[in-house]
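Here is the structure we will look at, set down as structure tokens.
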Amino acid sequence: MAIELWTWNTPNGRKISVALEEMGLAYTVKPVNISKDEQFNPDFLAFSPNNRIPAIKDPDGPGGQPITVFESGAILLYLAEKTGKFLPADLRARVPVYEWLNWQMGGFGPMPGQVHHFMMQPDGPAKDYGLNRYGKETLRLYGVLDKRLAGRDFVATAGEPSIADFAILGWAWRAERHLPTQGKAMSDYPNVARWYDALMARPAVKRGMEIALS
């Protein structure tokens, strides 16, 4: 009854492999090679209609019936609800998790993702514009995160991480790719660096980052 994780070796894919490992859920990886446009295959589009990875198939969904879930944020929420892990039971305590999960989905992902896109473009005004615009916004977001983590072990909870941490970690994992375009490194954000190192040292996170997704 293992969950099928349809994904590729990307920040969004790593969010889910980390969460699955931390939650102790059995899963198998179904690679979707986005460099070969496999995300447009009809069998994948049938349950991930936005042609984006990751997506999951859970044969043991609510009521013991199969369910599919697409969009990484929705998958994280589903898995947290399924297991009762990494999402507080109290609504007031949940709100920061919702806030920081959506902060990642709306900014700390799309913005460094645009940096990655423009890094691959030919030299010229368009590339310069893209790196400047999205690079500055990426740095702003790192600043927001660094301020949030001052005096905190985790972004939205105390005592243990939440699914918001797993979501943000997926993109922080690619800091060495996007921060140097702005002359920065993670060490310029000491609270982020401390948080990142602590999470990456967790055995389940290590497994989630090391498992082959492609």
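A few notes on this one:
- DSSP bridge orientation in the chain - percent antiparallel, rounded to nearest 5: 60 percent
- The chain: most fluctuating residue of ASP37, ASP165, ASP146 per GNM, C-alpha cutoff 10 Å: ASP37
- Helix-derived mean residue ellipticity, 222 nm - over the chain, DSSP H n ≥ 4, -39500 (n - 2.57), to 500: -16000 deg cm²/dmol
- Rounded Å value of the spacing that divides the Cα centres of the stretch 28-101 and the stretch 127-149: 27 Å
- Charge tally around ARG177: other residues with Cβ under 14 Å, Lys/Arg +1 each, Asp/Glu -1 each, net +2.
- Placing +1 on each Lys and Arg Cβ and -1 on each Asp and Glu Cβ, with no other charges, gives the chain a dipole about its Cα centre of roughly 400 debye.
- With distances taken between every two different alpha-carbon atoms, the stretch 145-214 has a Kirkwood hydrodynamic radius of 12.8 Å.
- Among TRP8, THR138, PRO96 the positive-end extreme of the charge dipole of the chain (Cβ point charges): THR138
- Relative contact order (percent, whole number), the stretch 68-132, Cα cutoff 8 Å, 6+ residue spacing: 20 percent
- Taking every alpha-carbon pair within the stretch 2-59, the share separated by more than 17 Å comes to 32 percent.
- All C-alpha pair distances within the stretch 1-150, sorted into 10 Å bins from zero, spread as 10, 33, 34, 19, 5, 0 percent across the bins.
- Checked against a 30 Å cut-off, the cross-linked pairs LYS36/LYS82; LYS57/LYS127; LYS15/LYS136 give Cα-Cα distances beyond that limit for LYS36/LYS82; LYS57/LYS127.
Read-outs throughout are calculated quantities, based only on the coordinates presented, and are distinct from any laboratory measurement. These numbers come from a predicted model, not from an experiment. With ideal geometry, Cβ positions are generated from the backbone for all residues, glycine too; neighbour counts draw on all protein chains shown.
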